[in-house]
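Undergrad: Just dropping this structure here.
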C-alpha cells in the first residue's frame, strides 16, 4: 500500500469533522490511550458552531479544550501546519469520497469512520485515491476485535469445529432516537442503519468464513420508529463463495438492555456460540460445543482496541483495520442487501467469484 513507516515517535493524528454524534469523542478518548498515536488537532471542516453543538453536544472550542487540541476550520491547513501522519475522517457518509481525495493528495493516511461510502462509485473513488497517492486508507471500527469474536475466530483457525458451513449473527445497535432531530444521519442519502448495521454483520460474515459473498436476500421493516426513513429491523441471508450460508439479524429497534452480539457458527465437528452469560452478569462469552461437551473458550487478555486497531498498521505502512479494498466489498454487499429488501428478490453480487481468505 505505502512505504511510509513511523518509528521512534507516536503517529501524529488529526480529527477531520466534528458534526457527528459519537465518533469524534469516542476516537479521541481511544487515541488518548493508544501507545502508538497522539491526537494533536481537529478541523471543523467549516461546519457552523451551531451544527457542531447540535451533533456533538459541545462547541468546537470546548472539544479542543477537552482533548488538548489545536483547532482549525480547514482540514488541509491542519494537515500541512501540524505535519500530520494520519487523519480520522468523521464527515457525513456521503462526503467521504470527496474528503478522501482531497486529503490523500497531501500524502496523509486516512481512517474513515463507518459507513465507508453510500454508493459503490464513491467507494471506488476512495480506493483509487489511496492507490494513486500511495497512502493507507482504512475504515472502521470492526467487531473483529471484540474479545469473544477473537476467541471464536481462533477456535475456527484451530479446526475445533471444522470448516463452518452455517452461521447466525445477531447484532443490536440501539435506535435512531439517539440522534438529534437535525442530525445528518437521519437523511436518507446518508444510508442510515441499512448501511451502518450491515457494515458490521457483512464484515464478520466474510471474516469468519474467509469467503466472499455471492448472493444476498434481505427483508427490512420499520416496526417501532415510524418517523424514520429507514428500516429498524432487518434480516439478511448471505450465500458465501465457500458454500456456507450466513443469516444476519440487525436490530435498531430495542429500547431495553440487549446483547450487542449473539452468534452461532456451525461446522461438521461442532459449533462455536457467542452469547451473553447470565451467570457472569451478562458478560459476552464464547463457548465451543463438540461431542466431548461444552467448553468456554479463553478470551484474549489484551485485545486490540476496536477503535484504534488501525494505528499499528499505519505506523508500519501496511493495510490496517478494514482496508479500503475490503471496505468497498462490504459496501457492495450492503447495497445489494438494500436492493434485495426493496425488490423482494435475491441479488447476486458481481464480484463474488471464488474463495477469498479475509484477515
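Undergrad: Yes or no: the stretch 80-96 includes at least one residue that is free of Cβ contacts under 8 Å to residues at least 60 places away in the same chain, part of a helix (DSSP H, G or I), touching a strand residue (DSSP E or B) at 6+ places or on another chain (Cβ under 7 Å) and closer than 15 Å to residue 126 by Cβ.
TA: yes
Undergrad: Filter the stretch 138-156 down to the residues that are touching a helix residue (DSSP H, G or I) at 6+ places or on another chain (Cβ under 8 Å), crowded, with 22+ Cβ neighbours inside 10 Å and within 26 Å of residue 188 (Cβ to Cβ), then identify the one that is modelled with the highest pLDDT.
TA: 139
Undergrad: A follow-up question, please. I'm trying to understand the selection: among the residues of the stretch 97-120, which are touching a strand residue (DSSP E or B) at 6+ places or on another chain (Cβ under 6 Å) and in a loop (DSSP other than H, G, I, E, B)?
TA: The answer is 108, 114, 116.
Undergrad: Of all residues in the stretch 240-260 being closer than 22 Å to residue 163 by Cβ and touching a strand residue (DSSP E or B) at 6+ places or on another chain (Cβ under 8 Å), which is surrounded by the most Cβ atoms within 10 Å (Cβ to Cβ)?
TA: 246
Undergrad: Any residue at all in the stretch 151-167 that's in contact with a strand residue (DSSP E or B) (Cβ under 6 Å, 6 or more places away or on another chain) and on the phi > 0 side of the Ramachandran plot?
TA: Checked the stretch 151-167: at least one residue is in contact with a strand residue (DSSP E or B) (Cβ under 6 Å, 6 or more places away or on another chain) and on the phi > 0 side of the Ramachandran plot.
Undergrad: Sticking with this structure for a sec: Of these, 26, 32, 62, 123, which one is in contact (Cβ under 8 Å) with a residue 40 or more places away in the chain, assigned to a helix (DSSP H, G or I) and surrounded by fewer than 20 Cβ atoms within 10 Å (Cβ to Cβ)?
TA: Criteria check complete, one pass: 26.
Undergrad: Then there is this: Please go through the stretch 223-239 and pick out each residue that is touching a residue at least 24 places away in the same chain (Cβ under 8 Å), touching a strand residue (DSSP E or B) at 6+ places or on another chain (Cβ under 9 Å) and either farther than 19 Å from residue 255 by Cα or in a loop (DSSP other than H, G, I, E, B) (or both).
TA: Answer for the stretch 223-239, where residues must be touching a residue at least 24 places away in the same chain (Cβ under 8 Å), touching a strand residue (DSSP E or B) at 6+ places or on another chain (Cβ under 9 Å) and either farther than 19 Å from residue 255 by Cα or in a loop (DSSP other than H, G, I, E, B) (or both): 223, 224, 225, 228, 230, 231, 232, 236, 238, 239.
Okay, residues lined up against (1) surrounded by fewer than 19 Cβ atoms within 10 Å (Cβ to Cβ); (2) in contact with a helix residue (DSSP H, G or I) (Cβ under 7 Å, 6 or more places away or on another chain); (3) modelled with pLDDT of 95 or more:
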residue	(1), (2), (3)
165	yes, no, yes
168	yes, no, yes
171	no, yes, yes
182	yes, yes, no
200	no, yes, yes
215	yes, no, yes
227	yes, no, no
238	no, yes, yes
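Undergrad: Right, something else. Conditions: (1) surrounded by fewer than 22 Cβ atoms within 10 Å (Cβ to Cβ); (2) over 21 Å from residue 209 (Cβ atoms). Residue 79 meets all but one. Number of the miss?
TA: (1)
Undergrad: Another question, then. When the stretch 314-329 is examined, which residues are found to be at pLDDT 90 or above and in contact with a strand residue (DSSP E or B) (Cβ under 7 Å, 6 or more places away or on another chain)?
TA: Across the stretch 314-329, the qualifying residues are 314, 315, 322, 323, 324, 327.
Undergrad: Output yes when any residue across the stretch 282-294 is assigned to a loop (DSSP other than H, G, I, E, B) and farther than 30 Å from residue 180 by Cβ, and no when none is.
TA: The answer is yes, given that some residue of the stretch 282-294 is assigned to a loop (DSSP other than H, G, I, E, B) and farther than 30 Å from residue 180 by Cβ.
The values are calculated or read from the model by the stated rules, or taken from the named source; none is laboratory data. Just so we're clear, the structure is a prediction, and the values are computed from it rather than from any experiment. Quick reminder, even Gly has a Cβ in these numbers, built from the backbone with ideal geometry, and neighbours come from all protein chains shown.
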